[in-house]
Amino acid sequence: KLSVFTAPTDILPLDLIGPTEVEALIKLAQECFDVVIVDMPTTIVQWTETVLNAADVYFTTMELDMRSAQNTLRFIKALQAEDLPIDKVHYVLNRAPKGLDMSGKSRVKHLAESLNIELNTQLPDGAKQVTQACDHGVPLALFAKKNALRKEIAKLAKTLHDAIRAEATAG
């Protein structure tokens, strides 16, 4: 079962709401649901700190290119400068190289080492099937059940679900 509180249909400025409003929304969502996922904008906003502090884990995606590496480094430095909980950040490599691409795997390792981060989650390229599923308005799980990206997302979701269940039974 999944409930979604979507963004408005109109394009609005990111500073339309502030940290106080976001904190109230998160608290309400936490009262109503076991798991709350906040899809953040790609830029840092006034309320990024609010979400980061409320999060158990904060996923940030990157790709295997110089601009993405530079943006990730800026993000890390911004968090450190503001003394924010950087330990909650989990780095996800999007469009990761395939298993047999040794050159790509070497680049991933070098990227992680140069940024001093761990890239434990690597999502493969979903290729045309992702675009086609979006164009048809159909979830990838229904449109392309065997897609490597869908399988990796399902694996990540199961890991998170198992961690939540373990925490619930321990607490």
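The values are calculated or read from the model by the stated rules, or taken from the named source; none is laboratory data. Every value quoted in this text rests on a predicted model; they were computed, and no experiment measured them. Cβ coordinates were reconstructed from backbone atoms using ideal geometry, including for glycine residues, and neighbour counts include every protein chain displayed. Accessible surface is based on the protein model in full, side chains and every heavy atom, while ligands, DNA and RNA are left aside. Shrake-Rupley method; radii C 1.70, N 1.55, O 1.52, S 1.80 Å.
Here are some notes:
- Qualifying residue in the stretch 126-144 (condition: closer than 22 Å to Ala55 by Cα, surrounded by 12 or more Cβ atoms within 10 Å (Cβ to Cβ) and either at pLDDT 95 or above or not charged (D, E, K, R) (or both)): no
- Residue within the stretch 129-137 that is in a loop (DSSP other than H, G, I, E, B), under 22 Å from Lys98 (Cβ atoms) and among the polar types (S, T, N, Q) present: no
- Leading residue by the ranking (nearest to the chain's Cα centre (by Cα)) among those in the stretch 22-42 that are loosely packed, with under 15 Cβ neighbours inside 10 Å, aliphatic (A, V, I, L, M) and at pLDDT below 95: Ile37
- Verdict on Glu118 being loosely packed, with under 13 Cβ neighbours inside 10 Å and outside any helix (DSSP H, G or I): yes
- Residue within the stretch 67-81 that is open to solvent by 30 Å² or more (accessible area, probe 1.4 Å), without any contact (Cβ under 8 Å) to a residue 12 or more places away in the chain and assigned to a loop (DSSP other than H, G, I, E, B) present: no
- Residues satisfying the stated conditions in the stretch 82-112, i.e. open to solvent by 90 Å² or more (accessible area, probe 1.4 Å) and closer than 30 Å to Gln46 by Cα: Glu82, Asp83, Asp87, Arg95
- Qualifying positions in the stretch 11-49 - within 19 Å of Tyr91 (Cα to Cα) and among the hydroxyl-bearing types (Ser, Thr, Tyr): Thr42, Thr43, Thr48
- If you filter the stretch 145-156 down to residues that are assigned to a helix (DSSP H, G or I) and in contact (Cβ under 8 Å) with a residue 12 or more places away in the chain, you find that the one that is surrounded by the fewest Cβ atoms within 10 Å (Cβ to Cβ) is Ala154.
- Every pair of residues 6+ apart whose Cβ atoms lie under 9 Å, when the first sits in the stretch 39-62 and is under 15 Å from Ile86 (Cβ atoms) while the second is among the acidic types (Asp, Glu) and in a loop (DSSP other than H, G, I, E, B): Glu49/Glu82
- Once the stretch 81-103 is narrowed to residues that are over 19 Å from the mean Cα position of the chain (by Cα) and not aliphatic (A, V, I, L, M), the residue that is modelled with the lowest pLDDT is Gly99.
- Test: residue in the stretch 56-63 that is assigned to a loop (DSSP other than H, G, I, E, B) and under 20 Å from Glu113 (Cα atoms): yes
- Screening Thr6 on (1) modelled with pLDDT of 95 or more; (2) open to solvent by 50 Å² or more (accessible area, probe 1.4 Å) shows it passes everything except condition (1).
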